[in-house]
1. Along the three principal axes, how long is the range 10-154 when you take its alpha carbons, biggest first, rounded to the nearest angstrom?
2. How many angstrom lie between the Cα centre of the range 1-45 and the Cα centre of the range 109-159?
3. Can you run phi through the Karplus equation (6.51, -1.76, 1.60; θ = phi - 60°) for the range 82-94 and list ³J(HN,Hα) in whole Hz, with x for Gly and Pro?
4. Apply the Karplus curve 6.51 cos²θ - 1.76 cosθ + 1.60, θ = phi - 60°, to the phi angles in the range 15-23 and return the couplings in whole Hz, x for Gly and Pro.
5. Where does helix 100-127 land angle-wise versus the long Cα axis of the chain, in degrees 0 to 90, nearest 10?
6. In the chain, with Lys and Arg counted as +1 and Asp and Glu as -1 at Cβ, which of these residues, 134, 58, 106, has the Cα nearest the positive end of the dipole, that is, farthest along it?
7. Using the structure shown, list the pairs from 42/95; 12/120; 52/124 with a Cα-Cα distance above 21 Å, or answer none.
8. Can you work out ³J(HN,Hα) from phi for every residue in the range 25-41, in order, using Karplus 6.51 cos²θ - 1.76 cosθ + 1.60 and θ = phi - 60°, giving whole Hz and x for Gly and Pro?
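Just so you know, all these numbers are worked out from the coordinates, no wet-lab data involved. Since the structure is predicted, the reported quantities are computational estimates derived from the model, not experimental observations. Cβ sites come from the backbone with ideal geometry, for glycine too, and all protein chains shown count toward neighbours.
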Amino acid sequence: MKYNSLGLDPTKTNDIANDLNVLLANFQTYYQNLRGVHWNIKGKRFFDLHIKFEELYTDANLKVDMVAERILTLGVTPLHTFEDYTAASKVPVGKNVSQDELAVRLIVDSLTELLKIERKILDKSNEANDEGTNSMMSDFITEQEKTVWMLKAWLNETV
């Protein structure tokens, strides 16, 4: 078997990079959702949620860059057009969401989709011995599970 300069099977890393492109598209939709709820939130919880949503979109923006750079590291071009993002995204799109519980629900639903994609990538990267992607997915999953737990607690729901 021939390995690439990272010591990985190029067929497997290509497949992982394609899945990372799907994750990238979904992260971009999630990021836009967060910007939208940050801008449009109204009501008595405005101040707390406005700050929280900014924290979340700042983190999502960093993760978008990390995913794109990992795709490049694996030798593939990251998706970078809205057309590509829309075609590949499964994260629900939130339009004109201004009510607090609907905004938090949108974020939970978005993170749930991201977690599904990340777990699929984690399985593949583990099987391919791709520690770089594996580590990234593990870190993302750990953070997002905690965020889902906290947001579900805010909604007075259990995980």
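1. If we take the Cα atoms of the range 10-154, the spans are 52, 31, 20 Å.
2. The range 1-45 and the range 109-159 have Cα centres spaced 12 Å from each other.
3. Values per residue, Gly and Pro as x: 4, 4, 5, 4, 4, 5, 9, 8, 10, 4, x, 8, x Hz.
4. Working through the residues one at a time gives 4, 5, 4, 5, 5, 5, 5, 5, 4 Hz.
5. With both axes taken from Cα atoms, the answer is about 10 degrees.
6. Among 134, 58, 106, the one farthest towards the positive end of the dipole of the chain is 106.
7. Distance filter (> 21 Å) returns 52/124.
8. My calculation for the range 25-41 gives 4, 5, 5, 5, 5, 4, 4, 5, 4, 5, 4, x, 5, 4, 6, 9, 4 Hz in order.
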